[in-house]
Amino acid sequence: MFKDLRSGLRMLLKNRGFTLIAALTPALGIGANTAVFSVAYATLLRPLPCRDQERLVVARKSDETTKFGRIVARTLFRVARG
């Protein structure tokens, strides 16, 4: 086993360009993955810094042809009345 390990290490030292690329590829992948998930957590997953988050309401304006706009308007009307 140690003989194989020494042989592999010798080959990596002999081919320095391959070794450099083999080491940089996972490092860049891990760095990019960390950056993407840090941004996703900061913008999408982290809880909002306010009290009573369940009472927050989203108000949107849309034209009359979209059903989504009317549904939101009725929902906001019920929340405001109730």
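Brief remarks follow.
- Taken together, the residues in region 11-26 that are surrounded by 10 or more Cβ atoms within 10 Å (Cβ to Cβ) and assigned to a helix (DSSP H, G or I) amount to 10.
- Subset of region 27-73 that is exposed (fewer than 10 other Cβ atoms within 10 Å of the Cβ) and at pLDDT below 60 - its residue that is nearest to L12 (Cα to Cα): F68
The values are calculated or read from the model by the stated rules, or taken from the named source; none is laboratory data. What you see is a predicted model; the values in this text were computed from it and never measured. Please note: Cβ atoms are built from the backbone with ideal geometry, for glycine as well, and neighbour counts cover all protein chains shown.
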